[in-house]
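Engineer: Sharing a structure below in structure tokens format, with a few things to ask.
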Amino acid sequence: MSTAFPTVSVLVPTYNRAGFLKQAIDSVLAQTFGDFELVISDNASTDDTQALVQSYSDARIIYSRNPRNIGWQANMKRCLALARGEYVTFLPDDDLMMPENLERKVCILRRYPYVGLVHSRFHMIDEEGQIIRDSTNWGHGPERDFDVIESGYAVLKRMLTGFCEVNLPTALFRRDVRDRVGEWTDQLHHTDDYEYWMRIAVCYDVAYLASPLIKWRWHQGSLTSQHIKESATGVTAEGLCEQLLAKRMVLERYWYRIPEVAALKRMVRQETRNRVVLQADVMLDNGVSRQEARAFLLKMCRTFPELCLSFNVWKTFLKTVLSPRSVQILKAVCRP
């Protein structure tokens, strides 16, 4: 490498995925931008991961093996602790980079110092590597056909009142953002990246590239597939709770830096009520027991006490207590 410290740290947390990992490594080594380190943190794999990595002779590869499995989230933080680059990107061990991924994104961060994070479209691939969604931003915000740099507030507002707009493997961010926004949280298990992107958006602008620069693999063993469902809500009950917690954490931590924060808080509260009611209704419509749906509502009310003031939440709660026949009778009695 041309400098003592690399420009980019590519961080690959891995566990027992030697087959996918080889493809991931090869996609990084094929980058048109070569000033990077490839940090692979092996979470005590029991397959051929160590032998695979050690079969490469490229000096840019840094291999670290945990003595025991410390979990996905802790391994992510382990990767961050090992990173030395000016810019950082995560590449889950089952995903791939397109050849120009680093070059295109490094160019943006070098040209625009007020941009803290750049992300992009991606190809969605299956277990065999076949494209199942071409050039998409599926599940991560609007499908825009143009590159754009947006104010952090605009991105933050959409993510607070909607969904996560940054797909983890597509994001390249400045390592020194942690000096302003802190370290990766350990209070969330599935939406820690979502919460971090919102924190970055509080302090920096955000760039989006319309070109697909990542191949994001969707398969039954992926972490994402375990927490997202193809349903009316697009998320599990557990995932919804974490999404809403991430938003509350950002609002509580940065209320003094966010414009129109009072109005935003009202919008987030309204969205919380709507999504909790929708989630419970979908659970009931999909055959989930009334007891399980009721437990979900009670958990959400304990986590977000303001839900107890919502008429719609109480109305939905009654559906989990009364039989469908009783609900119909009650509706008939209450009808004007």
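The values are calculated or read from the model by the stated rules, or taken from the named source; none is laboratory data. Worth saying up front: this structure is predicted, and the values here are computed from it rather than measured. We place every Cβ from the backbone using ideal geometry, glycine too, and count neighbours over all the protein chains shown.
Engineer: Please count how many residues of segment 97-126 are assigned to a loop (DSSP other than H, G, I, E, B) and more than 21 Å from Leu29 (Cα to Cα).
Structural biologist: So the first thing to find is which residues in segment 97-126 are assigned to a loop (DSSP other than H, G, I, E, B), and the list is 98-100, 112-114, 126.
Filter again for more than 21 Å from Leu29 (Cα to Cα), leaving 112-114, 126.
Within segment 97-126, residues that are assigned to a loop (DSSP other than H, G, I, E, B) and more than 21 Å from Leu29 (Cα to Cα) number 4.
Engineer: Further question on the same structure: When the residues of segment 169-200 are filtered to those that are basic (Lys, Arg) and in contact with a strand residue (DSSP E or B) (Cβ under 9 Å, 6 or more places away or on another chain), which remaining residue is surrounded by the fewest Cβ atoms within 10 Å (Cβ to Cβ)?
Structural biologist: Here the residue is Arg180.
Engineer: Something else: Quick one: is Arg111 over 19 Å from the mean Cα position of the chain (by Cα) and in the same structural domain as Ile61 (by TED's automatic domain parsing)? Give the steps one after another, and end with the answer.
Structural biologist: Working: over 19 Å from the mean Cα position of the chain (by Cα): yes; in the same structural domain as Ile61 (by TED's automatic domain parsing): yes.
For Arg111, the condition - over 19 Å from the mean Cα position of the chain (by Cα) and in the same structural domain as Ile61 (by TED's automatic domain parsing) - is met.
For every residue, the table says whether it meets (1) touching a Phe, Trp or Tyr at 6+ places or on another chain (Cβ under 9 Å); (2) outside any loop (DSSP other than H, G, I, E, B); (3) buried (at least 18 other Cβ atoms within 10 Å of the Cβ).
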position	(1), (2), (3)
Ala4	no, no, no
Ile25	yes, yes, yes
Ala59	no, no, no
Ser64	no, yes, no
Ile70	no, no, no
Arg84	yes, no, no
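Engineer: Considering every residue within segment 138-148, establish whether at least one is without any contact (Cβ under 8 Å) to a residue 24 or more places away in the chain and farther than 21 Å from Thr191 by Cβ.
Structural biologist: Scanning segment 138-148, I find at least one residue that is without any contact (Cβ under 8 Å) to a residue 24 or more places away in the chain and farther than 21 Å from Thr191 by Cβ, so the answer is yes.
Engineer: Can you find even one residue in segment 60-68 that is of a type in the set (Phe, Trp, Tyr) and farther than 29 Å from Thr191 by Cα? Reasoning before the result, please.
Structural biologist: Restricting attention to segment 60-68, the residues satisfying the condition of being of a type in the set (Phe, Trp, Tyr) are 63.
Remaining after also requiring farther than 29 Å from Thr191 by Cα: none.
No, segment 60-68 contains no residue that is of a type in the set (Phe, Trp, Tyr) and farther than 29 Å from Thr191 by Cα.
Engineer: Take the conditions closer than 24 Å to Gln187 by Cβ, touching a Lys or Arg at 6+ places or on another chain (Cβ under 8 Å), assigned by TED's automatic domain parsing to the domain that holds Tyr196 and modelled with pLDDT of 95 or more and apply them to Ser41. Does it pass?
Structural biologist: When the stated conditions are applied, Ser41 passes them.
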